[in-house]
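The values are calculated or read from the model by the stated rules, or taken from the named source; none is laboratory data. The shown structure was predicted, so the numbers you read here are calculated from the model rather than taken from an experiment. Ideal geometry is used to build each Cβ from the backbone, glycine not excepted, and the neighbour counts take in all protein chains shown.
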Amino acid sequence: MNVRRLSFGLSRQVWIVEIGVFLNMLGYGSVLPFEIIYLHDGRGFDLGVAGLVVGLVTGIAVVTSPIAGAAIDRVGARATAVCGGLALAAGYGGLALAESPATAFAAAALAGLGNGALSPSQSALMTALAPRELRHRASAVSRVAVNVGIGLGGAIGGVVAGFGLRGFIVLLLANAVTYVVYVAILVATVREDVRIPSVGGYRRVLRDRAFVHFAVTNIVLIAVGWGVLAWIVPPYAEDLGIAAGLIGLLFLANAATVVLGQVPIVKAVEGRSRVGALVLGAAAWVGACLLALLAQGAEPTIAYLCLVAAAIAFGLGECLHATVLLPLVADLAPLELRGRYMAAIGLSWWLGLALAPTVGVPLLAASASLALLAAAALCVAAIISLVALESRLPLGLRLIPRPRAAAPNATTR
């Protein structure tokens with residue numbers, strides 16, 4: 001097997017960025033399942049307050065993401081990502097030391113500033129480094145790196161979280177360190193061309209009806225496909241009597257699904273409908289919500305198996321969604337506005353992720369059945385919206401590209 005086949009056709013710089021993503025997600029994955037549990041059990045915050053703190057981490061990104069998009073188009077994706085990573089390091093370091101809700105909210109706001117900058121800049125950088133016909137593969141590899149990191153981090157976090165408050169503090173500080181390492185990798189190894197943006201800015205983005213339709217629909221897809229597993233399932237599982245270590249293993253099951261399934265799924269859908277892949281992914285998330293619902297009232301072993309099956313279903317949907325999302329956005333975006341397009345789609349991510357803890361957790365506190373059924377119903381509505389999106393996409397962008405025999409370092413629009 002030659003080096004090109006092993007590299008999946010991607011360049012050395014892309015792989016360097018992927019390694020940085022993995023290290024970053026290893027730290028983030030160790031705290032992700034336990035953020036609300038840490039604030040509620042470790043710091044004694046009310047469950048609703050804990051949900052608002054976690055929601056603020058993503059909610060602040062709603063404000064900063066558009067600013068980051070303009071910065072990407074002016075000063076470059078790498079410089080913007082560096083600033084975002086440092087803000088995230090400071091924010092999660094602050095959360096580790098937060099003893100009051102006021103301090104926690106301040107630290108969460110700082111982390112949110114970083115989230116708003118890092119997500120679109122990382123996406124813009126990845127699509128700039130990969131040629132058009134390989135962007136879906138770069139996106140797939142990135143998703144594998146994210147899930148391996150989150151899965152291993154979740155498993156490690158489950159063990160460390162068993163030590164109580166001290167364990168939670170160690171996890172948050174370690175997560176802060178991984179952002180610093182990620183920034184160091186970007187500064188030391190990645191180079192990019194910085195372009196002067198054209199006139200129009202976000203007004204041109206908003207006039208792209210196909211993109212706006214997609215971005216609005218993506219809010220719901222993210223709220224269910226990522227938010228439910230991240231912030232609804234862990235406290236739900238804890239209420240069912242499942243131990244912290246086993247909750248962490250749910251994320252490992254999800255990650256293993258992506259690691260094993262992402263590349264075969266990417267290859268299977270090449271040349272097929274992008275909207276069709278998104279619809280299949282959303283259908284998997286509907287099934288995941290219903291599987292999680294079955295855990296309620298079941299005996300402990302059956303309940304846990306239902307949650308494992310739900311985590312696997314979330315992973316399958318994620319594989320399909322990740323194959324389409326960023327490559328489609330990059331294809332829709334004019335080159336000089338790619339940063340703004342990535343920021344706008346990033347905005348849909350943060351709005352979706354903010355919905356889960358700020359709306360979903362209070363619903364969960366009132367009724368687990370209501371929270372999970374509402375998530376499934378929202379995803380069905382998103383499927384209907386995706387079907388309507390097909391006719392708005394330009395004909396040349398409706399199919400997932402089939403890679404050509406091209407040099408791995410080539411770049412295109």
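Quick look at the numbers
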item	result
Tally, over the stretch 244-292, of residues that are of a type in the set (K, R) and in contact with a Pro (Cβ under 6 Å, 6 or more places away or on another chain)	0
Yes/no for A108 being closer than 23 Å to L364 by Cβ, crowded, with 23+ Cβ neighbours inside 10 Å and touching a helix residue (DSSP H, G or I) at 6+ places or on another chain (Cβ under 6 Å)	yes
Where G241 falls short, out of the listed (1) closer than 28 Å to A366 by Cα; (2) part of a helix (DSSP H, G or I)	(2)
Test result for A303, crowded, with 21+ Cβ neighbours inside 10 Å and either among the hydroxyl-bearing types (S, T, Y) or in a helix (DSSP H, G or I) (or both)	no
Count of residues meeting criterion [in a helix (DSSP H, G or I) and more than 19 Å from L221 (Cβ to Cβ)] in the stretch 256-279	7
Of all residues in the stretch 69-87 being of a type outside the set (A, V, I, L, M) and out of contact with any Asp or Glu (no Cβ under 6 Å at 6 or more places or on another chain), the one that is nearest to E336 (Cα to Cα)	D73
Test: residue in the stretch 208-217 that is at pLDDT 95 or above, not hydroxyl-bearing (S, T, Y) and not in a helix (DSSP H, G or I)	yes
